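The values are calculated or read from the model by the stated rules, or taken from the named source; none is laboratory data. What you are looking at is a predicted structure, and each value in this text was computed from that prediction instead of being measured. Heads up, the Cβs are rebuilt from the backbone with ideal geometry, glycines too, and the neighbour counts pull from every protein chain shown.
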Amino acid sequence: MVQNWLVVGIVSGLISVGVALYLYFWVMKQDAGSEKAQEVAGWIREGAASYLKRLYTALTLVAVILGVIIAVVFSFDLNQVGIGPMEFTLASGLETAGAFIVGAVCSALAGYMGMTVAVQANVRSAVAVAEHLNKGFKVAFFAGAVMGLAMVGLAVAGMSTIYLVTNNPEVVLGFSFGASTLALLAKAGGGIYTKTADIAADLVGKVEVGIPEDDPRNPAVVADNVGDNVGDVAGMGADIFDSYVASAVASMLLGAAMGGPLGEMYTIFPLILCILGIYASLIGIQFVRVGKNGKPGKALNFGTVFTCSIFGVMVLALVLVGGFDISVFWSTVTGLVTGVLIGFTTEYFTSEDFKPVLETAKVSDSGAAITIITGFSYGLLSIIPSVVGVVIAMLISYHVAEASGVITGIYGIGISAVGMLAISGMIVSSDAYGPIVDNARGIAEMAGMDHEVIEKADVLDSAGNTAKAITKGFSISAAALTVLALFAAYAEVIEAHGITLNISLRSPLVVAGVFLGAMTPPIFSALTMLSVTHNAFDMIEEIRRQFRAEPGILKGTVVPDYKTCVSLAAEGALSSLVIPAFLAVGLPLLVGFVLGPDALGGFLGGAIFTGVVFALFMSNAGGLWDNSKKFIETGKYGGVGSEAHKASVVGDTVGDPFKDTAGPSLNTLITVMSLVSTLFAPVIAVFHIF
């Protein structure tokens, strides 16, 4: 049965990738518009391709170095410690290293496919929206679906293939580590890039010289639009890929720990859930349509709820027919429902249809300080529903699983995380839609399209901002459950190698680990946001220099030097990744080897708690400030150019690195730290046995 399901997983993954390719070619057949529109889109496409080439070149070097280390370390038979001489078997190390490389490649490929279609779809969506709002929505959403379906397809095919070949979930852990390492650097680097350009373009363009957003006279406008793709498409795609794979692998490890035929059965169950999620997403995507009322946000929400319903029915049928205990169904549904509820509560705090955004826009008449305080406060309050949701999901799934007498409670938590992420094909499709319509709006402005077209694109863009906020809340909450499962997997691996963990707050070493872990997400956030401010300062000076040197730029008679700003953003982003990478990979190993397994357990606990809280707060506050600015730009409270608008631009500028750089990178950070701790747990255990 196990082998049959693995073959089904490989085939299902390839089908998902195949549908993604079909949608890609459908998007490419759409009208690309006038020569001017194509020229503008070409600038964005070239800048995005140039940055990804430089990023993936650097990441290839990182992957090779880590791959060699993994190959050497895992070539030793660590199970022989204390029994006899350790054997060196290179094939064993190469298995794990190969899985690591494959995970990194699949993550990169999913991001690359998504970005490739995004930079082609942006101009096509702008042209389509000129014909009809619904058509523009369809082009953008189907382009986003390329990313969603490619991501889940590559993930499921990769995990199924590796497990089929090795029959060892610990090797699949290497696949997850590869995906997570690349995801962290891609997301953090893309976030630094996009917010460097966004902040510089807004502060000089909107505030200092008073030109509109996406005005072609702004030298940073192309870099800003490039950033939407490398940060919110390629980066976010790698981020969700990471959480999706990590949740499945954590549950596979916990299932394998049960041992025997029962263990085999429940080791494969997370992969089966991912397979069902693929088909639920394939069906759900077909039913996402904008109705007569022209509300893209409602269409995206309907698609999510519809996909969840289909998936729930599929899981129930699987459990009843496949002989699995009914507790795994309840754990799956608990995660699924919690994920949707968290997404919708995120919408409450970030959509212009509700009080937090409306009140923040209203108080902007009083200046930027009140705007920031109000948005900051609502961002803190937005933590409540997500944290309470995670707690409820954790407790229900744990106790339902424990009461079954068949599976462990912690396995139930892992399955809850998988259930939350199983429909990632649909979730990522909605998320990738956001930056595509953002670019479409920018291209419409830069190419001089009619004002009516820009207004329609704004409607799509506003829904995209909310969709991105929902996805971030969804993925952060899922990461919280995933790392709890990984934490349990870490304990299983450590104890399997002869060390009994004692993670008690009465132990000074454990408390030391908790403090070190708790400080890591804030430090990571500070480093990435400082990188944004330093790089934005350099770009602001470059924009001012161009305006001073060539007055014809603001008159519209001279084309700005876009390439210099694109290059500044790329160089700044890549040079800023070294220390964040060490925090994610090096610090857990340092704590583990120096302070021991108990301290490392405390370290992971501290990082999980502050990481989840910071990620939720920053993502939601940033989305709130952004949409309150957009609400004012519709003409409310004086509209564009008013004092309220200037204050909202400042608030949005503060929120930009919150929501697109630090916030969404933190869930990847805590996942990477948990994965590296679990992967190297045997080595840490052996080191402390002597």
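Yes/no matrix, rows are residues, columns are (1) among the aliphatic types (A, V, I, L, M); (2) assigned to a helix (DSSP H, G or I):
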| position | (1), (2) |
| --- | --- |
| Gln3 | no, yes |
| Leu6 | yes, yes |
| Gly9 | no, yes |
| Ser12 | no, yes |
| Gly18 | no, yes |
| Trp26 | no, yes |
| Ala32 | yes, no |
| Val40 | yes, yes |
| Glu46 | no, yes |
Residue under question is Thr360, and the condition is that it be more than 30 Å from Met265 (Cα to Cα), at pLDDT 90 or above and either of a type in the set (Ser, Thr, Tyr) or over 21 Å from the mean Cα position of the chain (by Cα) (or both); does it hold?
yes
Can you go through Asp353, Asp325 and tell me which one is charged (D, E, K, R), more than 20 Å from the chain's Cα centre (by Cα) and under 20 Å from Ala393 (Cα atoms)?
Asp325
Do we find a residue being surrounded by 24 or more Cβ atoms within 10 Å (Cβ to Cβ), closer than 25 Å to Val139 by Cβ and of a type outside the set (Gly, Ala, Ser) anywhere in region 309-330?
no
Would you mind stating whether Ser176 is under 30 Å from Val2 (Cα atoms), touching a Ser or Thr at 6+ places or on another chain (Cβ under 6 Å) and buried (at least 24 other Cβ atoms within 10 Å of the Cβ)?
no
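Conditions (1) of a type outside the set (Ser, Thr, Tyr); (2) surrounded by fewer than 24 Cβ atoms within 10 Å (Cβ to Cβ); (3) in contact with a His (Cβ under 8 Å, 6 or more places away or on another chain); (4) at pLDDT 85 or above, marked per residue:
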residue: Leu616; (1), (2), (3), (4): yes, no, no, yes
residue: Ala621; (1), (2), (3), (4): yes, no, no, yes
residue: Trp625; (1), (2), (3), (4): yes, no, no, yes
residue: Lys629; (1), (2), (3), (4): yes, no, yes, yes
residue: Ile632; (1), (2), (3), (4): yes, no, yes, yes
residue: Gly641; (1), (2), (3), (4): yes, yes, no, no
residue: Ser648; (1), (2), (3), (4): no, no, no, yes
residue: Asp652; (1), (2), (3), (4): yes, no, no, yes
residue: Pro657; (1), (2), (3), (4): yes, no, no, yes
Search result, residues across region 117-137 that are without any contact (Cβ under 8 Å) to a residue 60 or more places away in the chain and either buried (at least 23 other Cβ atoms within 10 Å of the Cβ) or part of a helix (DSSP H, G or I) (or both):
Glu131, Lys135
Sort out which residues of region 97-109 are among the aliphatic types (A, V, I, L, M), buried (at least 24 other Cβ atoms within 10 Å of the Cβ) and over 14 Å from Val230 (Cβ atoms), and write them in order of number.
Ala97, Ala99, Ala104
What number goes with the only condition from (1) surrounded by fewer than 19 Cβ atoms within 10 Å (Cβ to Cβ); (2) in a helix (DSSP H, G or I) that Asp353 does not pass?
(2)
Residue pairs meeting the criteria (Cβ under 9 Å; at least 6 apart or on separate chains; first closer than 13 Å to Ile44 by Cα, in region 436-455; second among the aromatic types (Phe, Trp, Tyr) and at pLDDT 80 or above):
Ile436/Phe141; Met446/Trp43
Where a residue in region 333-348 is more than 20 Å from Leu276 (Cβ to Cβ) and its partner, wherever it lies, is among the charged types (D, E, K, R) and surrounded by 21 or more Cβ atoms within 10 Å (Cβ to Cβ), with Cβ under 9 Å and at least six apart
Thr346/Lys472
What number of residues in region 514-567 are surrounded by fewer than 17 Cβ atoms within 10 Å (Cβ to Cβ), among the aliphatic types (A, V, I, L, M) and within 30 Å of Phe487 (Cβ to Cβ)?
4
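Residues checked against (1) part of a loop (DSSP other than H, G, I, E, B); (2) over 30 Å from Leu6 (Cα atoms):
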| position | (1), (2) |
| --- | --- |
| Ile211 | yes, yes |
| Asp215 | yes, yes |
| Gly227 | no, yes |
| Ser243 | no, no |
When you go through (1) surrounded by fewer than 20 Cβ atoms within 10 Å (Cβ to Cβ); (2) outside any loop (DSSP other than H, G, I, E, B); (3) modelled with pLDDT under 90 one by one for Val406, which number turns out not to apply?
(2)
Kindly indicate the residue of region 368-403 that is farther than 25 Å from Gly663 by Cα and touching a residue at least 40 places away in the same chain (Cβ under 8 Å) and also surrounded by the most Cβ atoms within 10 Å (Cβ to Cβ) among those meeting that condition.
Ser397
Do you know which residues across region 11-44 are under 30 Å from Gly263 (Cβ atoms), surrounded by fewer than 20 Cβ atoms within 10 Å (Cβ to Cβ) and under 24 Å from the mean Cα position of the chain (by Cα)?
Leu14, Ile15
Check whether at least one residue in region 189-198 is assigned to a loop (DSSP other than H, G, I, E, B) and in contact with a helix residue (DSSP H, G or I) (Cβ under 9 Å, 6 or more places away or on another chain), and report yes or no.
no
For residues in region 363-388 being within 22 Å of the chain's Cα centre (by Cα) and among the polar types (S, T, N, Q), which is modelled with the highest pLDDT?
Ser382
Limited to region 359-390, what total is found for residues that are farther than 30 Å from Gly339 by Cβ and among the aromatic types (Phe, Trp, Tyr)?
0
By residue number, the members of region 245-262 that are part of a helix (DSSP H, G or I) and surrounded by fewer than 24 Cβ atoms within 10 Å (Cβ to Cβ) are Ala256, Gly260, Pro261, Leu262
Is one or more of the residues making up region 172-187 in contact (Cβ under 8 Å) with a residue 12 or more places away in the chain, assigned to a helix (DSSP H, G or I) and within 25 Å of Asp461 (Cβ to Cβ)?
yes
